[in-house]
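The values are calculated or read from the model by the stated rules, or taken from the named source; none is laboratory data. Because the structure is a prediction, the values reported are computed rather than measured. Neighbour counts run over all protein chains shown; Cβ positions are idealised from the backbone, glycine included. Quick note on the areas: whole protein, heavy atoms, side chains included, nothing else; ligands and nucleic acids left out. Shrake-Rupley method; radii C 1.70, N 1.55, O 1.52, S 1.80 Å.
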There are 2 protein chains.
Amino acid sequence: MPDLEYIFHPKSIAIAGASRNPPNPVNFFYLNALTQFGYEGELYLIHPKASELSGLKVYPSIMDVPGPIDHVIGGIRASLTPQLMRECVAKGVKLVQLFTAGFSETGQEKGIRLEKEIAEIARRGNVRVLGPNCMGIYCPDSKVSYVASFPKESGSVGFLCQSGGNSYDLIHLGGARGVRFSKVVSYGNASDINEAELLEYFTHDSQTKVIIGYIEGTRDGRRLTNALQKATEAKPVIMLKGGVTEAGTRVAASHTGALAGSNATWSSLFHQLGVMQVYDFQEMVDSILLFLHLKPLTGRKAGLIGIGGGCSVLATDICTREGLTIVPFPLELREKLRAIMPVELDPGTSIRNPVDVSGLGWYPDIFSRALETVASYNGIDFVLTYVTVPIGKGASVRLNGHINSLIETKKRADKPIATVLHRHDTPEAANLAFNLQNKCAQAGIPVFPSFDQAARAINRFIQCDERRR
Amino acid sequence: MPDLEYIFHPKSIAIAGASRNPPNPVNFFYLNALTQFGYEGELYLIHPKASELSGLKVYPSIMDVPGPIDHVIGGIRASLTPQLMRECVAKGVKLVQLFTAGFSETGQEKGIRLEKEIAEIARRGNVRVLGPNCMGIYCPDSKVSYVASFPKESGSVGFLCQSGGNSYDLIHLGGARGVRFSKVVSYGNASDINEAELLEYFTHDSQTKVIIGYIEGTRDGRRLTNALQKATEAKPVIMLKGGVTEAGTRVAASHTGALAGSNATWSSLFHQLGVMQVYDFQEMVDSILLFLHLKPLTGRKAGLIGIGGGCSVLATDICTREGLTIVPFPLELREKLRAIMPVELDPGTSIRNPVDVSGLGWYPDIFSRALETVASYNGIDFVLTYVTVPIGKGASVRLNGHINSLIETKKRADKPIATVLHRHDTPEAANLAFNLQNKCAQAGIPVFPSFDQAARAINRFIQCDERRR
């Protein structure tokens, strides 16, 4: 097991590159984030001229800091980084994380040489380097973060990400859908700590139950292959490869200097090892939710139950197109359902699969009994429920009642349950959905924004499981 | 031209089926909506026992209403509708819209017979029927609506929708993304007014620039084919067919009693006539925005410009996969861009296509000049910009500055411009995106929530145009 644990628990952090004139990215990201997360270790600022910044004492150089420094965040100009590195070696710093860009990713001789120089100083001086051209470490347990608005709570997803911006996107997107992270590392140009070493770490990290990664390329394909193999043997691994088209590969090369290799090679590697490959961050979050909350599914036969006739038609079309099977329910089951939803109460209901609970879906007791009845049927492998976030007077009460009923019923249901929570992009609906998505995640119910995303993710989830077995 | 205009401008409306014990769908939908829209005609409530409901005077029957009635909304029990219809005939009502379900869509003899009986009374009595099993009419200009939270402003999209619930979803979804409607008709079982007649109406309606439809089936394929042909000759037509799989067709039949026909027939008909076929409501809105705001595109070569390195990689991969072309920019153009974004200012920028404006994208002047430069390049057919909705302190100011710059620059840009506005589903981001989407729509810029949706819609838009020419 690689000894990277310490990089997630620095007792002291020094930031070089904060400015007296914000907005400056170093202030905006690191200073804000560490302050707002309430980082409890020693926090030092390094600035050649300032004596005080944001109420923190400032030192002219690393060497002037009185105590030891575990972790240095460098956001100074690229040409000044070798000097910073030498001071870090002299000071006995353990990890230098370089936010600074302008190295090998420029494709120019000067930047390539500079990156080599830094790596060489670090190797000789026994200092580890994260980056350059990266955002660094997010570890909620240690109150270490590079973005103030990341979730404060810890979770069980470990994330290695070659792109800082993409880590920003995925953590917020996942956060809003109820995903929480054990540790996230944005590692940029990977001049020292690279994707393989991080995979090795996450494979053994007991806090991490699902490993996800965004990778643009590798400089050590053999080590990465071994690491991926070990990782998938231990845990679900979901990968988004940046640069899967010729044009995309060209862009990746100028982004992190990645040696991308052919897409066919990557895809067949992922396929062979049972790594789930996804192509955007919505797909990534969809898959995470399934791995976090559901056991492997026994097959593709879905029982659909929700509110809305037209919606039921589209649900059936889309689920079928994406490889799931929607078989009509047998007479006996339909009779049980009809007893729960008599025609006299609502002639708009339907009981054949999909079960359209129609307006009765807003009566938690009726919905609960119908859902439990569907979940008890042995002709299906799982249940997919669906509801559109209502709008206007009473909407919140109605939807909360419905979701509470779903969560309660799920506890005693015989089958795995996932949910589609449609919404309309209005602030009101987004707000309602946000709270309920998080509530469902805590109750172990994966929530998807569309049938499209739900069905594709479920089908991919089954495929991946088939390959891993 | 069919003489349906009058159904959108009733001078008086009577509602039969409101209850003294809300929540009742008739109160919830029609009474709320007409009240909150400020419907200016006469509004009567019909109830056998109540003398007053929601502050409105109540009449025991249609016949007891003193003045004339243009439009009756019926939400009473199915078995009572023939009597209601007879009274409407006697009263000289022009249109009866039946919310009531329990007719031919049940597939049972009783319901089928009841629907025939109603249609027959209407035909003989010279009353038109909308439905049964439908939501009716939304016409913002006349302040007629069936949902209180629909947009109050009028627009140029005409929408015929066989499913009431789906119309609810599409109008809210489109509304949140800046789409406004001329007239919407939810027509349900189509016992009298059907999809073909509505298409004929929208074809000639000067207020309607784009026609969209959700159809589950037809009982008069020849008339529909003719109507579709004439419609596409006049305007863009976008269709979502409910029931395109065998399982979906079965569900559609029990939803609106639709005779769905084979999917192959529908698809080849749409293809042949140049109707754009979409498969969910997000795709529908994506396509509407393109038809509303962009002229036909000259080809598939995209100039990409936005904020974020990893995002640029994914943008390139996804756009390429969906059939767009991302060619590297020539040296001359790159030099112009480099002069606007000097490396010293931000080493993280990229200028090859995609143009990653990186942190400089938050300086409206720099972004504007870079965008104008890209848009002036003759080697591309259109520009796709992209930005992630930022979160936290100052986010709103920064994003507003960026979008204002986009809108101003668009006015003088040489090429069509569309935008991807990524967001993270947090209430804060949804709120910001909501306002800016509407602002962009007013400025004629289509906004998409993902590269996936943007690229697929643009490719489909070009294909459709190729077929219509």
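Tabulated data for the structure shown
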{"read-out": "Subset of region A:292-309 [modelled with pLDDT of 95 or more and either within 10 Å of another protein chain (Cβ to nearest Cβ) or crowded, with 24+ Cβ neighbours inside 10 Å (or both)]", "value": "A:Ala302, A:Gly303, A:Leu304, A:Ile305, A:Gly306, A:Ile307"}
{"read-out": "Given (1) at pLDDT below 95; (2) of a type in the set (S, T, N, Q); (3) surrounded by fewer than 21 Cβ atoms within 10 Å (Cβ to Cβ); (4) touching an Asp or Glu at 6+ places or on another chain (Cβ under 8 Å), index of the condition A:Thr256 fails", "value": "(3)"}
{"read-out": "Hey, B:Thr320 closer than 30 Å to B:Asp414 by Cβ, in contact with a Pro (Cβ under 7 Å, 6 or more places away or on another chain) and modelled with pLDDT of 95 or more or not", "value": "no"}
{"read-out": "Count of residues meeting criterion [among the hydrophobic types (A, V, I, L, M, F, W, C) and surrounded by fewer than 21 Cβ atoms within 10 Å (Cβ to Cβ)] in region A:44-56", "value": "3"}
{"read-out": "Every residue from region B:107-149 that is open to solvent by 10 Å² or more (accessible area, probe 1.4 Å), part of a helix (DSSP H, G or I) and aliphatic (A, V, I, L, M)", "value": "B:Ile112, B:Leu114, B:Ala119, B:Ile121"}
{"read-out": "Region B:167-221, residues that are of a type in the set (A, V, I, L, M) and part of a helix (DSSP H, G or I)", "value": "B:Leu170, B:Ile171, B:Leu173, B:Ala176, B:Ala196, B:Leu198, B:Leu199"}
{"read-out": "Residue ID - nearest to B:Gln207 (Cα to Cα), chosen from residues in region B:235-249 that are more than 7 Å from every other protein chain (Cβ to nearest Cβ) and open to solvent by 10 Å² or more (accessible area, probe 1.4 Å)", "value": "B:Lys235"}
{"read-out": "Tabulated pairs, region A:375-389, first touching a residue at least 40 places away in the same chain (Cβ under 8 Å), second open to solvent by 10 Å² or more (accessible area, probe 1.4 Å) and among the acidic types (Asp, Glu), C-beta under 7 angstrom, 6+ apart or interchain", "value": "A:Ala375/A:Asp414; A:Thr388/B:Asp169"}
{"read-out": "Number of the exception - B:Phe37 against (1) surrounded by fewer than 20 Cβ atoms within 10 Å (Cβ to Cβ); (2) within 14 Å of chain A (Cβ to nearest Cβ); (3) not polar (S, T, N, Q)", "value": "(1)"}
{"read-out": "Unique match (being under 24 Å from A:Arg338 (Cβ atoms) and surrounded by fewer than 24 Cβ atoms within 10 Å (Cβ to Cβ)) among A:Ile407, A:Ile366, A:Ile417", "value": "A:Ile366"}
{"read-out": "Pairs where the first residue, in region A:419-430, is at the interface with chain B (Cβ under 7 Å from one of its Cβ atoms) and free of Cβ contacts under 8 Å to residues at least 40 places away in the same chain and the second is among the hydroxyl-bearing types (Ser, Thr, Tyr) and outside any strand (DSSP E or B), C-beta under 8 Å, 6+ apart", "value": "A:Ala430/B:Thr426"}
{"read-out": "In region B:253-307, the residues that are touching a Leu at 6+ places or on another chain (Cβ under 6 Å), part of a helix (DSSP H, G or I) and not aromatic (Phe, Trp, Tyr)", "value": "B:Leu273, B:Met284, B:Val285"}
{"read-out": "Residue list for region A:308-352, restricted to those being assigned to a helix (DSSP H, G or I), touching a Ser or Thr at 6+ places or on another chain (Cβ under 8 Å) and closer than 25 Å to B:Leu80 by Cα", "value": "A:Gly309, A:Ile340"}
{"read-out": "Residue that is nearest to B:Glu322 (Cα to Cα), among those in region B:433-454 that are assigned to a helix (DSSP H, G or I) and away from chain A (no Cβ under 11 Å)", "value": "B:Ala454"}
{"read-out": "From the options A:Ile380, A:Ile391, residue that is modelled with pLDDT under 95, within 14 Å of chain B (Cβ to nearest Cβ) and either over 19 Å from the mean Cα position of the chain (by Cα) or in a helix (DSSP H, G or I) (or both)", "value": "A:Ile391"}
{"read-out": "Within region A:371-386, tally of residues that are closer than 14 Å to A:Ile407 by Cα and buried (at least 24 other Cβ atoms within 10 Å of the Cβ)", "value": "5"}
{"read-out": "Scan of region B:200-223 for residues that are more than 19 Å from B:Ser154 (Cα to Cα), at pLDDT 95 or above and either touching a strand residue (DSSP E or B) at 6+ places or on another chain (Cβ under 8 Å) or among the small types (Gly, Ala, Ser) (or both), ordered by number", "value": "B:Tyr214, B:Ile215"}
{"read-out": "Residue list for region A:403-418, filter: touching a Leu at 6+ places or on another chain (Cβ under 8 Å), part of a loop (DSSP other than H, G, I, E, B) and in contact (Cβ under 8 Å) with a residue 60 or more places away in the chain", "value": "A:Pro416"}
{"read-out": "Failed criterion for A:Ser186 (all others in (1) under 17 Å from the mean Cα position of the chain (by Cα); (2) farther than 30 Å from A:Ala433 by Cβ hold)", "value": "(2)"}
{"read-out": "The one condition in (1) modelled with pLDDT of 95 or more; (2) open to solvent by less than 30 Å² (accessible area, probe 1.4 Å); (3) of a type outside the set (Ser, Thr, Tyr) that A:Ala339 fails to fulfil", "value": "(2)"}
{"read-out": "Region A:31-45 residues that are in a strand (DSSP E or B), paired with ones that are open to solvent by 20 Å² or more (accessible area, probe 1.4 Å) and aromatic (Phe, Trp, Tyr) (beta carbon under 9 Å, 6 or more apart)", "value": "A:Tyr44/A:Tyr59; A:Leu45/A:Tyr59"}
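Condition check ((1) surrounded by fewer than 24 Cβ atoms within 10 Å (Cβ to Cβ); (2) in a strand (DSSP E or B); (3) in contact with a Ser or Thr (Cβ under 7 Å, 6 or more places away or on another chain); (4) at pLDDT below 95) across all residues:
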{"residue": "B:Val58", "(1), (2), (3), (4)": "yes, yes, yes, yes"}
{"residue": "B:Met63", "(1), (2), (3), (4)": "yes, no, no, no"}
{"residue": "B:Met85", "(1), (2), (3), (4)": "no, no, no, no"}
{"residue": "B:Gln97", "(1), (2), (3), (4)": "no, yes, no, no"}
{"residue": "B:Ala101", "(1), (2), (3), (4)": "no, no, no, yes"}
{"residue": "B:Glu105", "(1), (2), (3), (4)": "no, no, yes, yes"}
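Each row is one residue, and each column tells you yes or no for (1) at pLDDT below 95; (2) in contact with a strand residue (DSSP E or B) (Cβ under 8 Å, 6 or more places away or on another chain).
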| position | (1), (2) |
| --- | --- |
| B:Asp3 | yes, no |
| B:Ile13 | no, yes |
| B:Tyr30 | no, yes |
| B:Ala33 | no, no |
| B:Gly38 | no, no |
| B:Ile46 | no, yes |
| B:Lys49 | yes, no |
| B:Leu53 | yes, yes |
| B:Asp70 | no, yes |
